[in-house]
1. If you go through the range 49-74, how many residues are under 14 Å from Val16 (Cβ atoms) and open to solvent by less than 40 Å² (accessible area, probe 1.4 Å)?
2. State yes or no: is Arg69 within 11 Å of the chain's Cα centre (by Cα) and under 18 Å from Gly5 (Cβ atoms)?
3. Anything in the range 15-44 that is open to solvent by less than 10 Å² (accessible area, probe 1.4 Å) and either under 14 Å from Val81 (Cβ atoms) or polar (S, T, N, Q) (or both)? List them, or say none.
Amino acid sequence: MTPVGRVRSSEGWSVVVVGPLTIRYSDDLGDVDVGAEARGGRRTGFELYPESLAHLPRERADLVVARVREAFAHAGWHLRVAE
């Protein structure tokens, strides 16, 4: 599956949808694959699963979620973060 799109920040990080179950966040510390599930017909709506980041330090996980939210909002995509 080809990416739906990529959002690149002027701060050096990026977010790309790499499949129906994965969103990839990248920055100078490396890539982080975030568990997610495609929702809706255009494949621009996703539900993000923060528990998929449990292996990361809390501060890094929170940063990844915040930046994925920011990227989706900027691109006009829909994102719901599971509780």
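The values are calculated or read from the model by the stated rules, or taken from the named source; none is laboratory data. Remember, it's a predicted structure, so these values are computed and weren't measured experimentally. Backbone-built Cβ (ideal geometry, glycine too); neighbour counts: all protein chains shown. Keep in mind that these areas ignore ligands, DNA and RNA; they rest on the heavy atoms of the full protein, side chains included. Shrake-Rupley method; radii C 1.70, N 1.55, O 1.52, S 1.80 Å.
1. 4
2. Spelling it out, Arg69 is indeed within 11 Å of the chain's Cα centre (by Cα) and under 18 Å from Gly5 (Cβ atoms).
3. Within the range 15-44, Val15, Ile23, Tyr25, Val34, Ala36 qualify.
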